[in-house]
Each structure stands twice: as structure tokens, then as C-alpha cells.
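Encoded as C-alpha cells, the structure appears first; notes follow it.
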Amino acid sequence: MDDLKNMWDSAKESARDHSVDLSAIISLAKKRKTQTVNAHVLNLAILVSALIGISAFFWYVTYFKGLLGQVGSGLMVGGLALRIIIELISFHKSSKIDLSKEALQSNNEALIFYEFRKRIHGPISISIIALYTIGFYMLTPEFSQYFSFEMMALIDISYVVYLIVILWSMIKGNRKEIESLEVIIQLQSEMKEESID
């Protein structure tokens, strides 16, 4: 985004000389879009793999007989499935951004996309993680029938470490997307000012 902003700033300067290199700006924007799409595909692949792995584990290895275990496994699988649906929606929304359109319009599409992602990283992701965590710890009573206290303590503590890594990764991704959103808002404002002048 910094590269795109710098190119926009230099394009504004060179526009005064009537020598704007729009193809370079569009090329960089397309490269950034490809990176975003690749990130969504990778994220989807990881989520689908996790869903398949957890579902197979719950179905073939440990079928929970108690209500608490069934609800817990349902929360975990449901949380992952919901996150996959959200990522598919994000992938669809990002692919609809047409960089060949007028700069103001394509920037507006990007703005809508990043505002959507901002909402996803906020209360929706936190709710999904909370439901997944509640589901995980609902499995503890049934797992404790098969594992020693020490092993259960290790499993529960390792989940906390996993949760910290996930939250750190989520906060880092959220920051990047908010920075991108701020750059897009600034570019949007500057483009509107330029079109008025």
C-alpha cells in the first residue's frame, strides 16, 4: 500500500507535467490484489484442512457420547465452517474489485471490501474464536476419562498457547488491513479533491 500511495503521489506531481504513468499504478495495484487473493486461498486451504482434520477426528477417532462433548465438538466444527464461509465471501468480494475501472470507482470497491474485512476481524472473529474455545473446553470432561490429569493439563495449556498465537496473528492481520483501509480512504479523499479541481 505504501508503494501504491507513493506512486499516486508521484502521479499527482507528474500530472501537472501531463506525464502520468497510470499503467505502473494499475500494475502495482493488480500485483497487490493478486497477493490478497493468494492470501485468501491459503487461508481457505488451512481452514478447510483444519475442518476436515477435526471432523475426521471427531467422527472416526473420538465419537462423543455425552451431550457436553457433542455440543463442544459441534461448536468447534461450526466455528470453523462459519469462518470458511466468511473467507469465501471475502474471496468473492475481493475478486469483484475491478482495477481497470476508473480509479475513483475501483478505489471505492476496495474501500467497501476493507470495511467488510474490518468488521470480520472485530466482533465476528472474536465470537468465532470464543465459541471454538468454549467448545474445546467442553470436551475436557470426556477426554479426562481417557487421559491422565497431567496429559489433560498439557492439552489445555497447549491450547492456550495456540490461542495466543492465533490472536497475535489475527491482530497483526487486522493492523495490516486497517492500514490498507486508511491508505485507501486517504487516496479516495485525494482523488475526489483532484476530480473537483
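The values are calculated or read from the model by the stated rules, or taken from the named source; none is laboratory data. Source: prediction; values computed, not measured. In this analysis, Cβ positions are derived from the backbone assuming ideal geometry, glycine residues included, and neighbour counts consider all displayed protein chains.
Here are the numbers for the structure shown:
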read-out	value
Where SER100 falls short, out of the listed (1) of a type in the set (Ser, Thr, Tyr); (2) part of a helix (DSSP H, G or I); (3) modelled with pLDDT under 70	(2)
Conditions (1) in a helix (DSSP H, G or I); (2) loosely packed, with under 13 Cβ neighbours inside 10 Å; (3) modelled with pLDDT under 65; (4) not β-branched (Val, Ile, Thr): number failed by SER49	(3)
Cross-chain or 6+ apart pairs with Cβ under 7 Å, the stretch 74-96 first and within 17 Å of TYR114 (Cα to Cα) and of a type in the set (Asp, Glu), then at pLDDT below 85 and part of a helix (DSSP H, G or I)	GLU87/HIS40; GLU87/ASN43
Residues within the stretch 140-154 that are modelled with pLDDT of 90 or more and surrounded by 15 or more Cβ atoms within 10 Å (Cβ to Cβ), tallied	1
Residue in the stretch 55-88 that is nearest to ILE128 (Cα to Cα), counting only those that are part of a helix (DSSP H, G or I) and out of contact with any helix residue (DSSP H, G or I) (no Cβ under 8 Å at 6 or more places or on another chain)	ILE85
Members of the stretch 145-174 found to be aromatic (Phe, Trp, Tyr) and either in a helix (DSSP H, G or I) or under 18 Å from TYR132 (Cβ atoms) (or both), listed by number	PHE149, TYR159, TYR162, TRP168
Residue check, ILE157 closer than 24 Å to VAL48 by Cβ and either at pLDDT 80 or above or surrounded by 14 or more Cβ atoms within 10 Å (Cβ to Cβ) (or both)	no
Every residue from the stretch 120-144 that is part of a helix (DSSP H, G or I) and hydrophobic (A, V, I, L, M, F, W, C)	ILE120, ILE124, ILE126, ILE128, ILE129, ALA130, LEU131, ILE134, PHE136, MET138, PHE143
Hits in the stretch 160-197 (condition: more than 14 Å from the chain's Cα centre (by Cα), at pLDDT 85 or above and among the hydrophobic types (A, V, I, L, M, F, W, C))	VAL160, VAL161, LEU163, ILE164, VAL165
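So that you can scan it fast, the table gives a plain yes or no per residue for (1) at pLDDT 90 or above; (2) closer than 23 Å to TYR146 by Cα:
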position	(1), (2)
LYS33	no, no
VAL37	no, no
VAL61	no, yes
LEU80	yes, no
PHE91	no, no
